[in-house]
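Down below is the structure, laid out as structure tokens.
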Amino acid sequence: MSSLLLQIKESYPMVYEAFSALPDGERHLRGIMELDRYWEHLHQPVPEVVKPGSELPEGVEVNGDFDLIYAGGTLSLLHAAVMARQYDRKVLVFDRHTPAQSTRDWNISRGELLKLADTGVFSLSELESVILRAYKTGWVEFYKPDGSQKRLYIRNVLDCAVDADLLLSMAREVVLSMPENRVLSQTSFTACYRFADHIVVEVTDSEGKSYHYRGKVLVDMMGVRSPVAMQLNEGAPQTHVCPTVGTIASGFMDADFDTGEILASIAPADIASGTGKQFIWEGFPAKGSEYITYLFFYDEVDSQNDKSLLGLFETYFRTLPEYKKIGPDFSIHRPVYGIIPAYFHDGFSRTREIADDRIILFGDAASLGSPLTFCGFGSLVRNLHHLTADLDLALDSNALSKKDLEKISAYEPNVASMANLMKYMCFNAETDEPNFVNDLMNEVMVVLDELPERYRQAMFRDEMKIEELVVVMLRVAWRYPKVLKATWDKLGVAGSTGFLKNLVGWVFSSAR
Ligand SMILES: Cc1cc2nc3c(=O)[nH]c(=O)nc-3n(C[C@H](O)[C@H](O)[C@H](O)COP(=O)(O)OP(=O)(O)OC[C@H]3O[C@@H](n4cnc5c(N)ncnc54)[C@H](O)[C@@H]3O)c2cc1C
């Protein structure tokens, strides 16, 4: 038995038991602990990883020259594949673990996924091949103690389970089909040094040996724990988070393989410690007899709650039988986990830093997706066309300053406004009744049920128009006036004016 697993035997007995039965349980436990370092690093002095060129030690050997250097090897591979194949750019992608190996699986609608064919990198049949399963419909439901909850059915939303690693491997093959490109594993970003006409990226391999690569631009896609995002945002790269854990397993007795359970709350908030948490489940059928279940909650980055993934996994294993009936042949194939990031932009448009001279951030490192519907992958797919075409133009015209690069972003004013709704789902025992989040969300479901289907689809696909959101908000306030006091309690003056600023920014944007 590994010493790492033994370390958690007493404190997280159910995680210990489940992970000990997995052939790669130790590797996953290490990955979870690595992500949980996010919490320790938040209030520490911010390490300086973006440095002036003058600090590059003299005489270092440059091991390769590239147009684009991607730090992080998950969603980056999709962007890098388009830059390499469509725009003939020479790219380097590296990851501290294995590129194209994710710790999650993704859901998206078929229409959204197939848009990737427009990039010219994947054929429609290749994209079809990564769909593990498509469901007939999905639903969202929030707990009411008297059983009066509205089950809202939604079609064509998050209804395809995608084999993330297969899609990413296909992208990696595209990158490597051009011999000038490179994809490196076990390679960690340590620092970068900026010069007027290039950037040097320093990495270390698994033995601690340093290498240096020269590029025109560093594309930071190191996810929620990106040290570059941490520095550019002065130690506050996220305002809200959505810690998420789950498994891909088989052997549930009541899993419906034709239906996705997009959001399912089955109890009031857990108020045992901290400010309390409203747990939410998700359930999605996958390949064959496999079924994916997730447990998550929304929270402020600075709340007093234990937000560790390890603690959440213990809760997951303890309460899973309350969500799904576990049969005698139950077996876990793989754990899935991550911290979904969110950022509240207190302004009329984007306020988070997502670029600097010769540096650009995409994916979770940029934290511009909405955590409401799990859409970091969806956000990149939606925006990939302009995120690649615009970067190519910037390279062509050598417009690579912070001011130029920050124009190339996945910021969407509708998504930023909608992300405010997440604040209502961050439970706080000081201001909320235990069933507050469920009561409010149940009213939203009732309102959506009364409106034409496109409203619910737009809401859960981040495609809402402002007039549609206003209709939903007014109807919810009419049915459930408590939401007005809750807005005051939960958002306060600063949060409420910030929300209004986001809405005004949306009105005046071209994305209406
Ligand atoms: C359980 C779960 C389910 C999800 N489901 C969905 C979904 O259904 N639909 C959807 O749209 N979104 C979903 N998401 C969100 C989506 O997974 C993320 O938005 C997406 O993975 C972000 O990709 P990324 O490449 O930006 O970051 P990450 O996936 O976090 O990848 C970052 C990479 O950078 C590497 N890295 C980190 N630090 C360094 C370093 N110093 N040096 C080198 N490499 C480094 C890491 O090893 C990692 O491979 C889900 C998230 C979770 C947690």
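Numbers for the structure displayed
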quantity	calculated
Stokes-Einstein diffusion coefficient of the chain, Kirkwood radius over Cα pairs, 10 °C, 1.306 mPa s, in µm²/s	67
With Cα atoms, 0 to 90° folded angle of helix 164-176 axis to the chain main axis	20
Backbone N under 14 Å from the Lys287 label point (7 Å along Cα→Cβ), restricted to segment 165-206	165-170
Cross-link table Lys9/Lys325; Lys407/Lys465; Lys115/Lys287; Lys403/Lys485, entries beyond 32 Å C-alpha to C-alpha	Lys403/Lys485
Cβ-placed point charges (K, R +1; D, E -1), dipole of segment 414-507 about Cα centre in debye, nearest 20	240
At 0.692 mPa s and 37 °C, Stokes D of segment 72-128 from Kirkwood alpha-carbon radius, µm² per second	261
Electrostatic dipole magnitude of the chain [Cβ: Lys, Arg +1; Asp, Glu -1; Cα centre; debye, to 20]	780
Pairwise FRET efficiency - Glu463 versus Glu173, Cβ, R0 = 41 Å, nearest 0.05	0.85
Estimated inter-spin distance, Phe508 and His333, nm [label 7 Å along Cα→Cβ]	5.1
Rounded to 10°, Cα long-axis angle of helix 76-85 versus longest principal axis of the chain	50
Given charges at Cβ of Lys, Arg, Asp, Glu: the chain dipole, positive-most of Met253, Ser11, Leu116	Leu116
DSSP beta bridge pairing in the chain, given as percent antiparallel to the nearest 5	70
Within-14-Å neighbourhood charge of Tyr424 [Cβ basis; K, R +1; D, E -1]	-3
Charge-dipole axis of segment 27-138 as Lys and Arg at +1 and Asp and Glu at -1 on Cβ define it, positive-most pick from Asn107, Gly59, Val49	Asn107
Segment Lys482-Ala236, extension gain: residue separation times 0.36 nm, minus the distance between their alpha carbons	85.4 nm
Virtual spin-label span in nm between Ala389 and Ser206, 7 Å along Cα→Cβ	4.2
Neighbourhood charge, 13 Å Cβ-Cβ cut-off, centred on Leu484 and excluding it, Lys, Arg +1 and Asp, Glu -1	+2
Segment 216-275 - convex hull of alpha carbons, volume per residue in Å³	202
Cβ-Cβ FRET estimate between Ser3 and Asp24, R0 fixed at 22 Å, reported to 0.05	0.85
12 Å beta-carbon shell around Gln7, net charge (K/R +1, D/E -1)	0
Normalised contact order of segment 236-312, rounded percent, pairs of Cα under 8 Å and 6 or more residues apart	41
0 to 90° range, to nearest 10: angle between helix 309-323 axis and the chain longest Cα axis	40
Segment 379-395-segment 330-347 distance, computed between alpha-carbon centres (Å)	24
Sorted peptide list for 260-269, 18-27, 291-300, criterion being average Cβ within 10 angstrom, highest first	291-300, 260-269, 18-27
Cβ-Cβ FRET estimate between Met33 and Lys402, R0 fixed at 30 Å, reported to 0.05	0.30
Gain upon complete extension [Glu10, Thr319; 0.36 nm per residue less C-alpha separation]	109.4 nm
Per-bin percent of Cα-Cα distances, segment 414-507 [5 Å]	2, 13, 24, 26, 22, 10, 2, 0
Segment 74-174 - charge dipole about Cα centre, Lys and Arg +1 at Cβ, Asp and Glu -1, debye rounded to 20	240
Mean-position separation - Cα centroids, segment 145-200 and segment 6-69, in angstrom	18
Stretchable slack from Thr431 to Ser273, in nm (0.36 nm times residue separation minus alpha-carbon distance)	55.4 nm
Rel. contact order, % - alpha carbon contacts under 8 angstrom, at least six apart, segment 414-507	42
Point-to-point label distance, Ser54-Asp357, nm (Cα→Cβ direction, 7 Å offset)	1.2
Relative contact order of the chain, defined on C-alpha pairs under 8 angstrom at six or more residues apart (%)	18
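Throughout, read-outs are computed from the coordinates displayed, never taken from laboratory work. Predicted model only: the values in this text are computed from it and were never measured. Using ideal geometry, Cβ is built from the backbone for each residue, glycine included, and neighbour counts are taken over all protein chains shown.
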